[in-house]
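Novice: Below: one structure in structure tokens.
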Amino acid sequence: MEWGMANRMAQLIQKDGRCVFMPIDHGYFQGPTHKLEQPDKTVEPLLPYADGLFVTRGVLRSCIAPTNAKPVILRVSGGTSVIGKDLANEGLTTGMEDAIRVNASAVGISVFVGSDYEKESLLNLAKLVDEGERYGIPVMAVTAVGKELSKRDSRYLALACRIAAELGARLVKTYWCPDGFEKVVNGCPVPVVMAGGPQVDTEMEVLEFVYDGLQKGSIGVNLGRNIWQNPNPVGMMQAIRGLVHDGLTAKQALDLFQSAREAGPGRAGA
Ligand code: 5RP
């Protein structure tokens, strides 16, 4: 791996081989998402705990201070919306030149395996990889399922992750699944990070799935709504970091979350 590529990967994946990415890119297809109406306010208390920020160039430029020292994974696919015909019909929205201009450590693109736009999204990934490799910028592929959340089983996810890696993604972001997640990770020759999906009912559910996914070989998370839609986002972020970087069990992470809650919002990160 060339120096620039290796350096960017090292900015994102920490010395312990793990990572906690914070995605705030949801607005690119669903508008002002709950608790992300003002991304700057959402991000400010959480950023100290994140190893990287997954964000579009628009929100980066308007809501994130350039003095921000956290590595940026720039979301570069889009062009569809939740009220449009098909979420899978994405294109590339940001060129590599702009990714370089904003000093991105990586770029991220969704692929929609099995959709009507499978081929287009995979060829977009391949094209982005060509560009990224030219400039030493890693590509993170996002195995997206659009509105069909039921697709998140291990057979489907393993297929999508493997294809993304075969096309040259340096990292793959996918969903955890209760059965066979190890097959997803083991079948993917590049590191796998887990997204969260819509907010679940209890903190323990999130902590348990993250713990399980880490045990099965994922290197970390790219977890948004289950952190910043929680009433105590800082506590949740600390708990997730505890799982990923400090080897906590789900129960220990819950204890950490609860002690952060007792400390009160805004003081938990102090
Ligand atoms: C949205 C994304 C998000 O980055 C991804 O889904 C992670 O966020 P969440 O944990 O909220 O699902 O790709 O397009």
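Novice: Identify, by number, the condition in (1) under 18 Å from residue 169 (Cα atoms); (2) hydrophobic (A, V, I, L, M, F, W, C); (3) away from the ligand (no atom under 12 Å from the Cβ) that residue 54 doesn't meet.
Specialist: The failed condition is (3).
Novice: Can you tell me which residue within the stretch 40-82, out of those that are in contact (Cβ under 8 Å) with a residue 40 or more places away in the chain, of a type in the set (A, V, I, L, M, F, W, C) and not in a helix (DSSP H, G or I), is nearest to residue 241 (Cα to Cα)?
Specialist: Only one residue tops the list, namely 50.
Novice: Give the residues of the stretch 78-89 that are touching a Gly at 6+ places or on another chain (Cβ under 8 Å) and more than 20 Å from residue 32 (Cβ to Cβ), sorted by residue number.
Specialist: Selection gives 86, 88, 89.
Novice: Could you check, for the stretch 138-153, whether at least one of its residues is touching a residue at least 40 places away in the same chain (Cβ under 8 Å), in a helix (DSSP H, G or I) and either more than 28 Å from residue 71 (Cβ to Cβ) or of a type outside the set (Asp, Glu) (or both)?
Specialist: Yes: the stretch 138-153 contains one or more residues that are touching a residue at least 40 places away in the same chain (Cβ under 8 Å), in a helix (DSSP H, G or I) and either more than 28 Å from residue 71 (Cβ to Cβ) or of a type outside the set (Asp, Glu) (or both).
Residue-by-condition table, conditions (1) among the polar types (S, T, N, Q); (2) modelled with pLDDT of 95 or more; (3) within 24 Å of residue 235 (Cα to Cα):
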{"residue": "24", "(1), (2), (3)": "no, yes, yes"}
{"residue": "40", "(1), (2), (3)": "no, yes, yes"}
{"residue": "58", "(1), (2), (3)": "no, yes, no"}
{"residue": "67", "(1), (2), (3)": "yes, no, no"}
{"residue": "89", "(1), (2), (3)": "yes, yes, no"}
{"residue": "138", "(1), (2), (3)": "no, yes, no"}
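Novice: Return only the number of the condition from (1) among the hydrophobic types (A, V, I, L, M, F, W, C); (2) more than 17 Å from residue 190 (Cα to Cα); (3) within 15 Å of the ligand (Cβ to nearest atom) that residue 125 does not satisfy.
Specialist: Result: residue 125 fails condition (2) only.
Here's the yes/no breakdown for (1) surrounded by fewer than 20 Cβ atoms within 10 Å (Cβ to Cβ); (2) closer than 30 Å to residue 133 by Cβ; (3) within 12 Å of the ligand (Cβ to nearest atom):
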site	(1), (2), (3)
173	no, yes, yes
181	no, yes, no
192	no, yes, no
236	no, no, yes
245	yes, yes, no
260	no, no, no
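Yes/no matrix, rows are residues, columns are (1) part of a helix (DSSP H, G or I); (2) in contact (Cβ under 8 Å) with a residue 60 or more places away in the chain:
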position	(1), (2)
169	no, no
209	yes, no
221	no, yes
226	yes, no
234	yes, yes
240	yes, yes
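Novice: Can you name every residue in the stretch 15-51 that is surrounded by fewer than 17 Cβ atoms within 10 Å (Cβ to Cβ) and either within 21 Å of residue 168 (Cα to Cα) or among the charged types (D, E, K, R) (or both)?
Specialist: Passing the criteria: 15, 16, 17, 37, 40, 41, 44.
The values are calculated or read from the model by the stated rules, or taken from the named source; none is laboratory data. Small disclaimer: the values here were computed from a predicted structure and weren't measured. Glycine gets a Cβ as well: all are built from the backbone with ideal geometry, and neighbour counts include every protein chain shown.
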